[in-house]
Each structure stands twice: as C-alpha cells, then as structure tokens.
Amino acid sequence: MTIYKNLTYLDKNRYGEPFDLPEPDPNLGLCIVIPISEMALIERTLHSLNQRSSGNQSIEILISGVGEGDHDSRRLEEWRKENNFLYPIYTCFKSDIPDKHLTSGLIRKLAMDEALDRLKRVETKPGLILSLDAGVEVPENFYPRLGACFFKKPKVSGLGFNYRREEESQKELYERFFVKALKWAGYPNAYLTIGNNFVCTAHIYEKVSGMNRKNHDEGFYFQQKIIAQSRFRTCRHLVLKNPRPDLYLAVSERKGFIPSLPVFEELKNFFAAIEDIFKGVQPETGPAMASFMVKEQAWEKIEEMREYSNSLETFQKRFWAWMNPLLIRNFVKWASEHYYAYEHDVQVCNDLLELLGKDKAEGLSPILEIFRGFN
C-alpha cells in the first residue's frame, strides 16, 4: 500500500522528471517564468527585464515549452550573449507530452514547478515566482519596486499589476469600470487581474496546489485561489504594457456598449443581504437575480453552505468562494441579455462616477484617466 501523507506538492503534482539544470544560485530570490512564443515577443519581454536588481538576491529566467528545446535553447543563449543579458536563461521543455494532456496551463506549470523546486532548495525568503506572457513589457526600476511590495506588506502572497492598453482604450475602460462597479456593489474579491501576469511567493504557490492544467487563461484561475486566501493585492504603481485581456468580462457584441448600472445594483442588494441569507432568510431580489438563482440552483447550494457553517464568518468564506468572478460574469451576461439592455460605455461610466461622488467627464479618454486613477 502506498503512503501519501509525507509526499510534498512536487512529489504528487510535478509532471515527469525534474529538468537537468545547473544548481540554483544560493541567493536566488526570483524566478521569472515565460512560456515559449514567437521569438520577437520573447525578446520584447526580455529586453524590458534586462535591468539591474536591488540587494543581493539573484534572478533567473525559465522558458517553458514542448519538444526537445535544443534549437530554442541555442537561440536564447545566442540572444543573451549578443544583448548582454544580465541573468541566466534556462529552458524547461518536455517532448513526451501526449496530445490529450497538452495545454497552455501545463506548459506554464512545467516552469513554475521547476521554479518552486529551485527556490525551496535555497530557502531564500520570500522566494518569488513571476509569471509573464511573452510580449509583455515591465516598467523601469521593476525589481526594487516589486520586492518592496512584499517586504512592506509581508502578509501579501500574490500580486497583480496595473496596465495600460494604449491602442485599446475602449476595452481598458470597460475592464476598469467592471472592477470598480463590483467594488461599489460590495464584492470583496474585485481585483484587476491581467491574464497570466502575476507574481506569488513560493510558499503560497505550493499551498494552493500550484498552477492548473487548463487550456487558456490558466493564470486567471490560479490567481482566484490566492484571492480566496485574502492574500492578494494589485500594485497600481507597477504598470505593464501589452497584456492580454482577461476572460471573465461579460461583453456586448456591439462595440462601445457595456452592462448597465441596474445589473450591479442587483448584485449590491444581494450582497448586502448576506447576514439574512446566513440566518435562512431569502431576501427580496431583483428580477434578474431571482431567475439566475433558480437557473443555477443556487438556493440549494447556499442551504448546503449554511448547514456546514457554524458561524457567519465561516459562511462568508464559503459564500465568497462560491460567488467567484466567473459566476458573477455569468450573472452579468444573463442580466444584460434578458433584463437590462447594454448601454453606451461613456454614459454608464459617468453614471457610476456620479454615484461615487465624482465629477462627470466628456469623452472616452478623460473618463479613462479618471478610472485609471482609482486604487
């Protein structure tokens, strides 16, 4: 009989054998993971990462992919020497992955698990794993500012970034509106996550069972596990360029039209009734929420949460874990398509600004600057 209780996360979850890489530097403090992509996109990200770190902790880059990886390894090493890149670049490639297992999540996981292994071997604190998409650019003075976010707030275990979409300002405005509207509605886990770009401690990576194997947007799902631990923050002073959008936004097919405020008002009223819900009282809800709860068989699920919760605090933890951003996305889409029409983004954003006690603005660009200024 196999005994599992003494096995570590890596013993149970690592895909295949460890990679044959040089021993980590004793001062290793940051592993940066980037799945392989077009070389031009990899180079853009590496160029932005080629800046001096602060302190004595060392940095290394782990590029993951499928196949033998020999050609990519040679190309990356040549590029590193030609561009005087400051840090070692290692490749984490697997050639024996069956098609049925091959996902973007698994490719990212290969290098993130390797990063965990290397950081655990040197035991540097806090030991950070930075996940990036190829093509993303980090700002100047990135490493000292990144480290400061964790040392100033030691309870933080995961960090998201701020961003700008200079060529997609309408999309960025909606993303920022969506998060701000959820915060106004009282949703505690309203964070601006941007695809697979985030940083976490080695400890929390292992605690939440590491990267998943989903195909596409694996980083979004991973970050939700850290958010559920109440250990996640967004650093508004670290602004990334060219990130991919997240998946959880309910978007109209008509460009420039977004969910209207009554949708978020229904959420606000529902969230405000959480104590009554814990006591077994079904609150009055708006028409969209009432039909959505029936469609999702939500009251049955809530009753089960109540049955296994001996306090309001325990119930709230279960409730907010269930009411995750994907469920909210589904509600917003349901409400917008069946009960409330999508409305023009400038008008809806101005309506929210008015509710927040802010001055209205004319035009997309001035409104976007206001929303960029929110924490």
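The values are calculated or read from the model by the stated rules, or taken from the named source; none is laboratory data. Predicted, not measured: the structure shown is a model, and the values here were computed from it. Using ideal geometry, Cβ is built from the backbone for each residue, glycine included, and neighbour counts are taken over all protein chains shown.
Some points to look at:
- Positions within region 292-339 being small (Gly, Ala, Ser), within 23 Å of Leu192 (Cβ to Cβ) and touching a Lys or Arg at 6+ places or on another chain (Cβ under 9 Å), in sequence order: none
Let's see how each residue does on (1) in a loop (DSSP other than H, G, I, E, B); (2) closer than 21 Å to Asn196 by Cβ:
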site	(1), (2)
Phe19	yes, yes
Glu23	yes, no
Ser37	yes, yes
Leu62	no, yes
Gly65	no, yes
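- Residue among Phe331, Phe374, Phe315 that alone is of a type outside the set (S, T, N, Q) and free of Cβ contacts under 8 Å to residues at least 60 places away in the same chain: Phe315
- Residue match in region 69-86 (condition: within 22 Å of the chain's Cα centre (by Cα) and touching a residue at least 12 places away in the same chain (Cβ under 8 Å)): no
- Of all the residues in region 346-372, those that are surrounded by 17 or more Cβ atoms within 10 Å (Cβ to Cβ) and either basic (Lys, Arg) or within 26 Å of Cys235 (Cβ to Cβ) (or both) number 8.
- Residue ID - nearest to Phe220 (Cα to Cα), chosen from residues in region 76-99 that are buried (at least 16 other Cβ atoms within 10 Å of the Cβ) and basic (Lys, Arg): Lys94
- Among the residues of region 109-140, the one identified as at pLDDT 90 or above and of a type in the set (S, T, N, Q) is Ser131.
- Elements of type helices (runs of 4 or more DSSP H) in region 229-337, at least 1 residues being modelled with pLDDT under 95 and within 26 Å of Phe161 (Cβ to Cβ): 312-322
- Residue ranges of strands (runs of 3 or more DSSP E) in region 77-184 with at least 2 members aromatic (Phe, Trp, Tyr): 89-94, 158-164
- Of everything listed in (1) under 22 Å from Lys207 (Cα atoms); (2) within 23 Å of the chain's Cα centre (by Cα); (3) surrounded by fewer than 16 Cβ atoms within 10 Å (Cβ to Cβ), the single unmet condition for Leu102 is (1).
- Among (1) at pLDDT 90 or above; (2) surrounded by 12 or more Cβ atoms within 10 Å (Cβ to Cβ); (3) part of a loop (DSSP other than H, G, I, E, B), the one test that Ile42 misses: (3)
- Applying the criterion of being touching a strand residue (DSSP E or B) at 6+ places or on another chain (Cβ under 7 Å) and under 23 Å from Arg75 (Cα atoms) to the residues of region 7-23, the residue that is surrounded by the fewest Cβ atoms within 10 Å (Cβ to Cβ) is Leu21.
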